[in-house]
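*Asks:* Pasting a structure below so you can have a look.
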Amino acid sequence: MALNTTPFDAAEFLDDAESQAELLTDAFETGDPAYIANALGVVARARGMTQIAKDAGVTREALYKALSAEGDPKLTTLMGVMKALGLRLSVSPDQAAA
């Protein structure tokens, strides 16, 4: 008997700004570029990829590619997406490096 599974898309469950910010904060804290790009993609999908792409000044296809696991978004794309999401980046000292 075959096992039936249901695809999971985190974007379906990140329906408020707080949960979206929590995911992005976790991603940026790891410093893992693939995780950061994926988290941005999840939040963009949760808010509507077409509108986020338009607001960021890129095509929807380019945004999907940039925020995929294999993507490597340019800084301008990253900043455009953050602005389109109504988010800002901040910097703080790494306590572990002190």
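*Asks:* Please indicate, with yes or no, whether at least one residue in the stretch 68-85 is modelled with pLDDT under 90, surrounded by fewer than 18 Cβ atoms within 10 Å (Cβ to Cβ), touching a Gly at 6+ places or on another chain (Cβ under 8 Å) and closer than 17 Å to D9 by Cα.
*Replies:* yes
*Asks:* Pick out the one residue from A46, A53 that is surrounded by 16 or more Cβ atoms within 10 Å (Cβ to Cβ) and under 11 Å from the mean Cα position of the chain (by Cα).
*Replies:* A46
*Asks:* Counting just the residues of the stretch 1-36 that are of a type in the set (F, W, Y) and in a loop (DSSP other than H, G, I, E, B), which one comes out surrounded by the fewest Cβ atoms within 10 Å (Cβ to Cβ)?
*Replies:* Residue satisfying both the conditions and the ranking: F8.
*Asks:* Here are the criteria: (1) under 20 Å from A84 (Cβ atoms); (2) touching a residue at least 12 places away in the same chain (Cβ under 8 Å); (3) acidic (D, E). Tell me which single one D26 does not satisfy.
*Replies:* D26 satisfies every listed condition except (1).
The values are calculated or read from the model by the stated rules, or taken from the named source; none is laboratory data. This is a predicted model, so every value here is computed, not measured. Reconstructed Cβ throughout: ideal geometry from the backbone, glycine too, with neighbour counts over all protein chains shown.
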